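Working notes, beginning with the structure itself.
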Amino acid sequence: MIRSELKPADYIVILKRRWIPIVVLTLIGGPVGYAVSRVLPARYTSQTTVLVQPPTVPDTLVPPVVSADIDQQLASMKEQILSRSRLEPLIRQFGLYSGDVNSVPMEALVGKLQKAISVSGIQPMQGTSRTLPGFNVTVTWDNPLKAQQVCGTITSMFIDESERLRQQNSESTTQFLTQQLNVAKAKLDDQNAKLAAFQSRYLGSLPDDDKNNLNILTGLTAQLTAATESVSRAQQDKSFIESSLSQAVQAWQASRTGANPVDLQQQLAQLQSKLADLQSRYTDNYPDVIRTKADIAALQKQIAAQSAGPSTTSNSPKTEQMAVEPQNIQQLRAQLHSSEVLISQKTAEEAELKHQIAVYEQRVQASPDVEQQYKALTLGQEAALKSYNELQQHRDEAQMATDLEKRQEGETFAILDPANLPDQPSFPNRLMFIGGGFAGGLALGFGLAFLGEMRDTSIRTEQDVEFALRLPVIVMVPAIGPLATSKPKKFTPSFGQGIGEN
């Protein structure tokens, strides 16, 4: 009988009473565990350790193209390598299930082989990078040689798959970047063509030409002012030369027809008066002063020639000689022609300057609109150029990374420990089975002892009496046999709802 509350002393009493089955079952459990380990089929485990070697060229010089974490790469490769398409040839190559190939579906055999293969990552040491430094490939099989062969083959498949994936990813990335670079080059060429056409169309009106346009416009305005003044002076000179020429011609004609010397004297007086007026305002080097002096000299010569003697008949050689214009008239005509040529040149120059000023004024006025359009084209061209340069840099880096992968200088898998040939089975572990047998026998012994105590209704102590009757009891139990001479043992009374006697 087991009470609801037991003290440590009660457990000790139970062990003393039930120790035989516990010891027997414990001693039997070890041999039974050993016998079971001998009956179970042996399993052998072959293991390979693969390390992830960093690239020989630092990432700062050649950034890697494959940026996936080693955990993701390992998980992806594990799914591919442990697929049916990869494991079915392996089953047929090594004859792993030679007796079941024809009777058992291939899916079931592949599933068994997948369970026999284990791929686990090596945890990094504390304080180092969080990436896995490598992984272990473990194959458990009933034949040690086949376990080694399968483990070595699976490891080679991981290494080959890693190299293939990295080269494939590098080449795919390079091809993609090359295509994008061609697209960016086409966009850049289009932007450059638009910008060049705009610059050609608005040549001289671009934002960089504003200051130059203003300087040129200022210079043209000054030139126009000077040309206008030159035309005005040339016209004044022409008017004066025409007046002088008219007077000289009239005087010469008058001398030929016997003009009155009084008229010549009056003309001379007028010229002298004009010379005095010009000298009061200008210097002797002024053109009008010089011409007036020349006219006065010519008129004085004419007066002197007229007073020298009467003219002969008109048919004499002297009369024919007198018909030629005097030198002063010829000079005046030459000066008049020069003035007309000068006026024509200056007028043309003035018109050209006005045209150029209008062009530059139009450029200055259109500068804000041109600047806005130019900025938009420039921003588009700069964005296209930046995108092209970045893609070209990434393409070059991808090409270098691809070359590194082909030369096996990138991140690679290296076998640290090749697949071993197991000389001892990994299952069953006889020591563990023996220890488990002892532990199982001991647990079974304790269980049977506990069950026996639960089924035992014997009353051995006063606590058992109280537990059985569920009442407080005062009882006197006399000693029997050799213990009769001793004093009877008196129980300590317990007070409760009632007092009973047995």
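The values are calculated or read from the model by the stated rules, or taken from the named source; none is laboratory data. Model, not experiment: these values are computed from the prediction. Cβ atoms come from the backbone with ideal geometry, glycine included; neighbour counts cover every protein chain shown. Quick note on the areas: whole protein, heavy atoms, side chains included, nothing else; ligands and nucleic acids left out. Shrake-Rupley method; radii C 1.70, N 1.55, O 1.52, S 1.80 Å.
Taking the stated definitions as given, is Gly111 without any contact (Cβ under 8 Å) to a residue 12 or more places away in the chain and either on the phi > 0 side of the Ramachandran plot or under 37 Å from the mean Cα position of the chain (by Cα) (or both)? Considered against the rule, which asks whether it is without any contact (Cβ under 8 Å) to a residue 12 or more places away in the chain and either on the phi > 0 side of the Ramachandran plot or under 37 Å from the mean Cα position of the chain (by Cα) (or both), Gly111 comes out as no.
Taking the criterion of being aliphatic (A, V, I, L, M), under 30 Å from Arg86 (Cβ atoms) and either in a helix (DSSP H, G or I) or modelled with pLDDT of 90 or more (or both), would at least one residue in the stretch 163-177 satisfy it? Scanning the stretch 163-177 turns up at least one residue that is aliphatic (A, V, I, L, M), under 30 Å from Arg86 (Cβ atoms) and either in a helix (DSSP H, G or I) or modelled with pLDDT of 90 or more (or both).
Conditions tested, residue by residue: (1) polar (S, T, N, Q); (2) more than 18 Å from Val50 (Cβ to Cβ).
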residue: Arg86; (1), (2): no, no
residue: Gln93; (1), (2): yes, yes
residue: Ile117; (1), (2): no, no
residue: Leu145; (1), (2): no, yes
residue: Val150; (1), (2): no, no
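Scanning the stretch 90-105 for residues that are surrounded by 15 or more Cβ atoms within 10 Å (Cβ to Cβ) and either over 25 Å from Phe413 (Cβ atoms) or not aliphatic (A, V, I, L, M) (or both) gives Phe94, Tyr97. The single condition from (1) under 30 Å from Ala35 (Cα atoms); (2) modelled with pLDDT under 90; (3) open to solvent by 50 Å² or more (accessible area, probe 1.4 Å) that Gly437 fails is (3). On the stretch given as the stretch 69-107, residues that are out of contact with any strand residue (DSSP E or B) (no Cβ under 8 Å at 6 or more places or on another chain) and aliphatic (A, V, I, L, M) total 9. Looking only at residues of the stretch 1-37 that are of a type in the set (Lys, Arg) and out of contact with any helix residue (DSSP H, G or I) (no Cβ under 8 Å at 6 or more places or on another chain), we find that the one that is modelled with the lowest pLDDT is Lys7.
Scanning the stretch 120-143 for residues that are open to solvent by less than 20 Å² (accessible area, probe 1.4 Å) and closer than 20 Å to Gln53 by Cα gives Gly134, Phe135, Val137. The residues of the stretch 188-211 that are among the hydroxyl-bearing types (Ser, Thr, Tyr) and open to solvent by less than 40 Å² (accessible area, probe 1.4 Å) amount to a single one, Ser205. Looking across the stretch 314-338, the residues that are at pLDDT 70 or above and part of a loop (DSSP other than H, G, I, E, B) come down to Glu325, Pro326.
Within the stretch 45-89, restricting attention to residues that are among the β-branched types (Val, Ile, Thr) and open to solvent by 30 Å² or more (accessible area, probe 1.4 Å), the residue that is modelled with the highest pLDDT is Thr45. For the stretch 105-135, a residue qualifies if it is in a loop (DSSP other than H, G, I, E, B) and modelled with pLDDT of 85 or more, and exactly one does: Pro105.
Mind checking which residues of the stretch 275-303 are assigned to a helix (DSSP H, G or I), of a type outside the set (A, V, I, L, M) and open to solvent by 70 Å² or more (accessible area, probe 1.4 Å)? Passing the criteria: Asp277, Gln279, Ser280, Arg281, Lys293, Gln300, Lys301. The set of residues in the stretch 325-345 that are open to solvent by 50 Å² or more (accessible area, probe 1.4 Å) and either in contact (Cβ under 8 Å) with a residue 40 or more places away in the chain or more than 23 Å from Ser243 (Cβ to Cβ) (or both) comprises Glu325, Arg333, Gln335, Glu340, Leu342.
Across the stretch 181-188, not a single residue is classified as basic (Lys, Arg), assigned to a helix (DSSP H, G or I), touching an Asp or Glu at 6+ places or on another chain (Cβ under 9 Å) and touching a residue at least 24 places away in the same chain (Cβ under 8 Å). If you filter the stretch 155-187 down to residues that are open to solvent by 50 Å² or more (accessible area, probe 1.4 Å) and among the hydrophobic types (A, V, I, L, M, F, W, C), you find that the one that is nearest to Lys78 (Cα to Cα) is Phe176.
Within the stretch 395-432, the only residue that satisfies the criterion of being at pLDDT 85 or above, crowded, with 17+ Cβ neighbours inside 10 Å and in a helix (DSSP H, G or I) is Arg395. Any idea how many residues of the stretch 228-244 are crowded, with 18+ Cβ neighbours inside 10 Å and under 11 Å from Asp288 (Cβ atoms)? Number satisfying all stated conditions: 4.
Sub-6 Å Cβ pairs linking a first residue in the stretch 20-33 that is touching a residue at least 60 places away in the same chain (Cβ under 8 Å) and open to solvent by less than 70 Å² (accessible area, probe 1.4 Å) to a second residue that is aliphatic (A, V, I, L, M) and assigned to a helix (DSSP H, G or I), at least 6 apart or interchain, are Pro21/Leu448; Ile22/Ala449; Leu25/Leu444; Thr26/Leu442; Gly30/Ile434; Gly33/Ile434, ordered by first then second residue.
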